[in-house]
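This report concerns only the one structure given below.
The values are calculated or read from the model by the stated rules, or taken from the named source; none is laboratory data. Owing to the predicted nature of the structure, the values given are computational and were not obtained by experimental measurement. Heads up, the Cβs are rebuilt from the backbone with ideal geometry, glycines too, and the neighbour counts pull from every protein chain shown. To get the accessible areas, we keep the full protein, side chains included, count just its heavy atoms, and leave off ligands, DNA and RNA. Shrake-Rupley method; radii C 1.70, N 1.55, O 1.52, S 1.80 Å.
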Amino acid sequence: METFEPDAPIFLVGFMATGKTTVGRILAARLGWRLVDLDDVIAREAGQSVTRIFEGEGEAGFRARETRALGAVSRERKVVVATGGGAACHEGNLRTMLDVGRVVALAITPEEAVRRARGGAGRPLLSGPDPVATATALLAGRAPFYARAHFSVDTVGRMPQDVARDVLAWVETDS
């Protein structure tokens, strides 16, 4: 069993709509730590929304910004980091997270991701004619990265506070 420094960062990874930010907020409050939403950091540093960054710089530009932001955040202590759905799917980013802190994957089915994301802004990847097929393909490509997390929690049919409780229980046994 791996052990971690008690104040090592906790990185929440997983597909869109798994509740990374919501669970992160609850977890950070229970630990008395700070929550960092990586997409918010990127947007603040760029002075524009993530959508605008993608439009202006493309995915490559966004991913470069994401890597820089993750590098900075990964040096912090007593922080829960809610990452974007694709952040862990780039080897350098995943390796950084695995090396410096605890990586927790929040799991979801494609159908549940589409259900949760319906009507929500900022989910252009799921706005096509067959969002379940799109989510299924995306999740299949990302699953091998998420599987490398130190710990995984299924979020389907569960309240965020219950997911946070499971993560907290794991954190307390591995510190």
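Look through Ser74, Ser49 and report the one residue that is closer than 18 Å to Ala8 by Cα and not hydrophobic (A, V, I, L, M, F, W, C). Within the list Ser74, Ser49, the selection yields Ser74.
Listed by first and then second residue, the pairs linking a residue in segment 139-159 that is over 14 Å from Thr83 (Cβ atoms) and at pLDDT 95 or above to a residue that is β-branched (Val, Ile, Thr) and part of a loop (DSSP other than H, G, I, E, B), with Cβ atoms under 7 Å apart and 6 or more places separating them unless they lie on different chains, are Thr155/Thr18; Thr155/Ile108; Val156/Ile108; Val156/Thr109.
Condition first: open to solvent by less than 10 Å² (accessible area, probe 1.4 Å) and touching a helix residue (DSSP H, G or I) at 6+ places or on another chain (Cβ under 6 Å). Now tell me which residues in segment 15-37 satisfy that.
Phe15, Val23, Leu27, Val36
Residue-level check: of (1) exposed (fewer than 15 other Cβ atoms within 10 Å of the Cβ); (2) within 17 Å of the chain's Cα centre (by Cα); (3) hydrophobic (A, V, I, L, M, F, W, C), Phe62 misses just (1). Restricting attention to segment 124-158 and to residues that are assigned to a loop (DSSP other than H, G, I, E, B) and loosely packed, with under 13 Cβ neighbours inside 10 Å, the residue that is farthest from the chain's Cα centre (by Cα) turns out to be Pro129. Of a type outside the set (S, T, N, Q), closer than 29 Å to Ser49 by Cβ and at pLDDT 95 or above: is that true of Val114 in this structure? No, not satisfied.
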